[in-house]
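Everything on this sheet refers to the single structure shown next.
The values are calculated or read from the model by the stated rules, or taken from the named source; none is laboratory data. Note that the coordinates shown come from a computational prediction; the quantities given were computed from them, not determined experimentally. Here the Cβ positions follow ideal geometry from the backbone for every residue, glycine too, while neighbour counts run over all protein chains shown.
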Amino acid sequence: MIWSRITGTGGYLPEKVLTNHDLEKMVDTSDQWIRERTGIAKRHIAADGQTTCDLAEVAARRALEAAGRSAQDVDLIVVATTTPDKIFPSTACLLQQRLDVHGCAAFDVQAVCTGFIYALGVADKFVRTGSARCALVVGAETFSRIVDWTDRQTCVLFGDGAGAVILEAGDEPGVLSTHMHADGAYETLLHVPFGVSQGYDKVCEHHAYYVEMRGTEVFKMAVNTLGRIVDETLEANGLDRSQIDWLIPHQANIRIIQATARKLGMPMDRVVVTVDEQANTSAASVPLALDTAVRDGRVKRGETLLLEAFGGGFTWGSALVKF
Ligand code: COA
């Protein structure tokens with residue numbers, strides 16, 4: 001039986017930092033409100049001209065180095081992003097060009113903040129079926145480009161970044177299971193209301209290129225769906241919640257993270273939290289959190305990790321990983 005295993009992780013955050021105090025000068029908000037309601041203290045913002053592919057490239061090279069692989073070993077590239085450099089080619093193809101890789105399949109996956117879980121699930125299936133042996137899986141976003149910086153309800157929540165993993169074929173269990181869900185009926189809870197298919201003129205006329213969100217409803221939906229997916233993941237693997245070593249959640253809001261940890265009966269010192277420093281980086285948040293905890297020595301080889309995320313769509317998903 002072929003398994004896929006994470007053999008290296010990488011991450012990248014742009015240099016520019018925007019603190020809550022900086023935001024106080026931009027919209028009617030306060031450091032205290034943002035910290036109390038979300039747990040966020042600061043976020044990183046891409047420089048002018050710095051694109052999603054720029055962030056993805058650094059994260060990808062770091063993951064390759066950690067895995068002891070060269071770009072030439074890669075035979076599949078999957079990039080999860082909501083903020084591609086271009087409408088086409090895909091950011092995965094642009095990344096492939098940067099890495100000087102030629103010929104292997106490269107494509108983007110769009111599931112907003114659940115994107116990395118979807119990308120990991122797809123890449124895992126390629127590896128398990130023998131269609132790829134060394135996959136580069138990336139979550140990368142410049143979400144700051146689609147945030148309305150005059151809307152205090154959304155602009156305090158998001159940041160930019162990229163995270164990546166190398167997924168390799170092997171005999172030992174690695175990715176134990178992945179679970180992906182969506183319910184398109186909840187489209188308007190969290191969306192950008194216009195896209196290219198409606199015509200550029202409409203987008204410009206309505207200034208409708210920014211994230212719109214019904215925050216309280218998203219909060220409730222997140223807590224409910226994550227609670228369900230925790231049960232589904234444990235059940236699928238015949239595991240008890242006490243057998244999970246680390247929860248690596250999507251970093252949207254500390255209160256949502258705490259609710260999932262409570263559901264798992266996990267103390268917060270077994271939960272990887274980066275939301276305070278990085279805010280919500282959408283598809284990048286889970287691989288960035290994983291990379292942070294691997295590099296600072298918290299997550300060790302052989303441990304069992306529960307990765308989970310939710311986002312626009314509405315989408316939600318999880319992965320159980322033997323690291
Ligand atoms: N600063 C100060 N006040 C703010 C504010 C801000 N940045 N944003 C909203 N407020 C105000 C509101 O206008 C409201 O004022 P009112 O009572 O006078 O009407 C008050 O704070 C409470 O707003 P509410 O939206 O009820 O707060 P909340 O406790 O639900 O917190 C969120 C708002 C957005 C932090 C919370 O709903 C949330 O995190 N939702 C999930 C969002 C998410 O995860 N999105 C990404 C999904 S991938």
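Look at segment 249-276: where a residue is without any contact (Cβ under 8 Å) to a residue 12 or more places away in the chain and a partner is within 14 Å of the ligand (Cβ to nearest atom) and not in a loop (DSSP other than H, G, I, E, B), sitting 6+ places away or on another chain with Cβ atoms under 9 Å, you get Met268/Ile257; Met268/Gln258.
For (1) more than 15 Å from the ligand (Cβ to nearest atom); (2) surrounded by fewer than 21 Cβ atoms within 10 Å (Cβ to Cβ); (3) not assigned by TED's automatic domain parsing to the domain that holds Asn253, each residue gets a yes or a no:
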{"site": "Leu136", "(1), (2), (3)": "yes, no, yes"}
{"site": "Ala140", "(1), (2), (3)": "yes, no, yes"}
{"site": "Phe143", "(1), (2), (3)": "no, no, yes"}
{"site": "Asp148", "(1), (2), (3)": "no, yes, yes"}
{"site": "Gln153", "(1), (2), (3)": "no, yes, yes"}
{"site": "Phe158", "(1), (2), (3)": "no, no, yes"}
{"site": "Ala162", "(1), (2), (3)": "yes, no, yes"}
{"site": "Leu167", "(1), (2), (3)": "yes, no, yes"}
{"site": "His181", "(1), (2), (3)": "no, yes, no"}
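Among the residues of segment 208-250, those that are closer than 15 Å to Gly317 by Cβ and within 16 Å of the ligand (Cβ to nearest atom) comprise Met221, Ala222, Asn224, Thr225, Leu226, Gly227, Ile229, Ile248, Pro249, His250.
Would you say Trp316 is buried (at least 24 other Cβ atoms within 10 Å of the Cβ) and either within 20 Å of Cys155 (Cα to Cα) or in contact with a strand residue (DSSP E or B) (Cβ under 8 Å, 6 or more places away or on another chain) (or both)? So Trp316 passes the test. Here segment 39-77 is the region considered, the condition is being without any contact (Cβ under 8 Å) to a residue 24 or more places away in the chain and surrounded by fewer than 18 Cβ atoms within 10 Å (Cβ to Cβ), and the residue that is farthest from Asn20 (Cα to Cα) is Ser70.
The single residue among Ser197, Ser177 that is outside any strand (DSSP E or B) and either away from the ligand (no atom under 16 Å from the Cβ) or farther than 30 Å from Leu18 by Cα (or both) turns out to be Ser197.
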